[in-house]
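Here is the structure we will look at.
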Amino acid sequence: MTINLGMPPLPPPVLAPRRKTRQIKVGKVLVGGDAPISVQSMTTTLTSDVNTTLQQIAELTAAGCDIVRVACPSQDDADALPEIARHSQIPVIADIHFQPKYVYAAIEAGCAAVRVNPGNIRKFDDQVKQIAAAAKDHGTSIRIGVNAGSLDPRLLEKYGKATPEALVESAVWEASLFEEHDFHDFKISVKHNDPVVMVKAYEMLSERGDWPLHLGVTEAGPAFQGTIKSAVAFGSLLSRGIGDTIRVSLSAPPVEEVKVGLQILQSLNLRERKLEIVSCPSCGRAQVDVYTLAEQVTAGLEGMEVPLRVAVMGCVVNGPGEAREADLGVASGNGKGQIFVKGEVIKTVPESKIVETLIEEAMRIAEEMGESGETVTGEPTVTVS
């Protein structure tokens, strides 16, 4: 049976074409060019604790993370990199600050890439030739990671603070040093905790060269605040085609970063949309408990990831229209719910049976899609209309 889904047609519409960038490899993941925008996160474990770090990497992989970064502040962490790089299912980036010797250790360890922070690695500019040669020999890519919190003191003195101009000047200078030594397998980030400054910096940087760009709002904050700041900043840039890979920085478990990142990309049609639950915010017109219905449907469909839109609506004003437009939906009122499948009412059930019926119908559709080769694993997302 063919399911005529209500999701956008393929290829889905986007707000702007992608900016043309050079393409690099981060292990098996392509970044830039026409490659899909990848989602990154960073482990919160001690890298020297190999088993715990690999366990967290496995959790991130299962959540949909494409690339993972691990901290390397000590020799013990550097010593753990070979085993982590060998056993991780996704490319590993070593995050290096202060000590240039760990850059070489990470390259030798087989890490897919190394993030270097020019602002706080001792005599970094003097090391570029050697770093470029080692990286080229091992097929390792580099991220030039400029950060507002650790900007080169010379630029802070010149600009007074970490302005967009200061961030971009640092990035362009370091890029020119690598290119002087015929090394081009790098991407750039210019992170700031203020979304306005961050967006301006990436806009300026995107006009200076064709480097692939890694987007990030650094130290974005706790889950709610960080999600909003990242969504605003990333949405502003990605909607204009700027950005090749992203990391949402949250004071929260790293899996949550991946979920937010994926949802941002799906919302802009930069990733295939998965299961989407459309639910009304409720109001005085609602004749059923919309909050509970939406929560129960979401919980009941946890573990399913299909391009399916499910509408949970609570009144007769927008309910029938939203339910009819969805692949599966309910328009509720007077203690009952009309169940819609592909725009047609298939049955009317009492309020107590709405959740059960929606889950059964969703499972039926997912099974039919599974038989046709579609993916049916993952986690639902909720949007409020």
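The values are calculated or read from the model by the stated rules, or taken from the named source; none is laboratory data. Source: prediction; values computed, not measured. Cβ: placed from backbone, ideal geometry, glycine included. Neighbour counts: every protein chain shown. SASA here: full protein model, heavy atoms, side chains in, ligands and nucleic acids out. Shrake-Rupley method; radii C 1.70, N 1.55, O 1.52, S 1.80 Å.
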Per the filter on the range 211-256, residues outside any loop (DSSP other than H, G, I, E, B), of a type outside the set (Val, Ile, Thr) and closer than 15 Å to Ile37 by Cβ are Leu213, His214, Leu215, Ser230, Ala231, Ala233, Phe234, Gly235, Ser236, Leu237, Leu238, Arg247
Log entry, pairs with first residue in the range 206-218 being more than 13 Å from Ser249 (Cα to Cα), second being assigned to a strand (DSSP E or B) and open to solvent by 20 Å² or more (accessible area, probe 1.4 Å), beta carbons closer than 9 Å, six or more apart or on different chains, reads none
The condition of being more than 32 Å from the chain's Cα centre (by Cα), surrounded by fewer than 19 Cβ atoms within 10 Å (Cβ to Cβ) and at positive phi holds, among Gly335, Gly303, only for Gly335
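Among Val199, Val232, Val168, which is open to solvent by less than 10 Å² (accessible area, probe 1.4 Å) and touching a helix residue (DSSP H, G or I) at 6+ places or on another chain (Cβ under 7 Å)?
Of the residues listed, the single one that is open to solvent by less than 10 Å² (accessible area, probe 1.4 Å) and touching a helix residue (DSSP H, G or I) at 6+ places or on another chain (Cβ under 7 Å) is Val168.
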Residue hits (the range 257-298; in a helix (DSSP H, G or I), touching a residue at least 40 places away in the same chain (Cβ under 8 Å) and closer than 28 Å to Ala71 by Cβ) are Glu257, Val258, Lys259, Gly261, Leu262, Gln263, Leu265
A careful count of residues in the range 109-129 that are open to solvent by 30 Å² or more (accessible area, probe 1.4 Å) and at pLDDT 95 or above gives 1
Residue pairs within 9 Å by beta carbon, gap of at least six or interchain, first lying in the range 143-158 and on the phi > 0 side of the Ramachandran plot, second crowded, with 24+ Cβ neighbours inside 10 Å and modelled with pLDDT of 90 or more, listed first then second, are none
For the range 13-28, the count of residues that are under 16 Å from His138 (Cα atoms) and buried (at least 16 other Cβ atoms within 10 Å of the Cβ) equals 4
Filter the range 284-300 for residues that are among the hydrophobic types (A, V, I, L, M, F, W, C) and at pLDDT 90 or above; the one that is least open to solvent (accessible area, probe 1.4 Å) is Val297
Here the residues within the range 56-108 that are among the acidic types (Asp, Glu) and open to solvent by 20 Å² or more (accessible area, probe 1.4 Å) are Glu59, Asp66, Asp76, Asp79, Glu83, Glu108
If we keep only residues of the range 252-283 that are touching a Cys at 6+ places or on another chain (Cβ under 9 Å) and open to solvent by 30 Å² or more (accessible area, probe 1.4 Å), then the residue modelled with the highest pLDDT is Val255
Scanning the range 143-169 for residues that are charged (D, E, K, R) and within 23 Å of Ile131 (Cα to Cα), the one modelled with the lowest pLDDT turns out to be Asp152
With the first residue restricted to the range 231-256 and required to be within 28 Å of Thr53 (Cβ to Cβ), and the second required to be among the aromatic types (Phe, Trp, Tyr), Cβ contacts under 8 Å at 6 or more apart or on different chains are Gly243/Tyr202; Gly243/Phe234; Ile246/Phe234; Val248/Phe234
For the range 189-203, the count of residues that are of a type outside the set (S, T, N, Q) and in a loop (DSSP other than H, G, I, E, B) equals 1
